[in-house]
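Presented below is the structure to which this report refers.
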Amino acid sequence: MRNIFGSVLYLCIFIILSGCVDSHDKAEVGSLDVLEDFIHELNHGDLIIDSDDPEEVIETVDDQLGEYFSGDFSRKVAYQIRNSMEGNPDYEETPENITFFLTNTGDGFRYSQIEASRRKGVSSWLTQDDKIVGTEIRITLPSDIPDQGSKYELYDNITMMKIDNKWYIDDIEYFDERYVQ
């Protein structure tokens with residue numbers, strides 16, 4: 001009887017404590033987990049596709065990474081790819097960061113792996129009707145564009161949105177560029 005009472009007591013304490021988890025902590029953990037999954041989906045420099053057809057590039061990017069994107073962000077990525085490929089550019093002569101995770105230096109569209117730190121965590125929370133619906137996470141993106149032996153590191157904010165109880169990358173805010181030797 002004592003063991004049953006003890007088990008019931010521990011179960012009640014567990015239920016009470018599990019309901020006390022801060023919504024900010026839940027949002028931080030959930031959004032960072034999804035962002036880290038995205039970061040490690042491919043290795044830095046992995047070839048996504050080598051094609052001159054924007055629609056083929058868009059479809060391949062969506063097939064490989066689209067599960068991490070909100071619908072709005074998928075449309076933004078498609079726009080950036082089309083815009084970059086307009087006029088059939090020579091990426092070998094003028095390399096380009098298409099978006100924060102996609103680079104072309106003349107040898108195809110490659111994955112550019114960002115860095116996000118759990119130590120830094122979420123920089124802000126987006127709320128609606130007193131509920132957390134999104135987070136902003138500061139990331140570091142090393143540029144793969146050659147610049148006479150130097151490189152730039154870009155510091156940006158990724159906006160993660162919770163849609164139907166699942167976290168998605170919803171936007172990127174480019175706001176700081178720092179020269180690195």
For the pair Glu36 and Asp90, what calculated FRET efficiency results from E = 1/(1 + (r/R0)^6), where r is the Cβ-Cβ distance and R0 = 25 Å, to the nearest 0.05? 0.10
Karplus-derived 3J(HN,Hα) from phi for the stretch 135-140 (6.51 cos²θ - 1.76 cosθ + 1.60, θ = phi - 60°), whole Hz, x at Gly and Pro, runs 9, 10, 10, 7, 10, 10
Note on the stretch 26-91: contact order normalised by length, alpha-carbon pairs under 8 Å, 6 or more apart, percent, works out to 32 percent
Amide H contacts under 5 Å for Ser51, placed H, 5+ residues apart: Phe109
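Throughout, read-outs are computed from the coordinates displayed, never taken from laboratory work. As the structure is a computational prediction, the values presented were derived from the model and not from experiment. Positions of Cβ are generated from backbone atoms using ideal geometry, with glycine treated the same way; all protein chains shown enter the neighbour counts.
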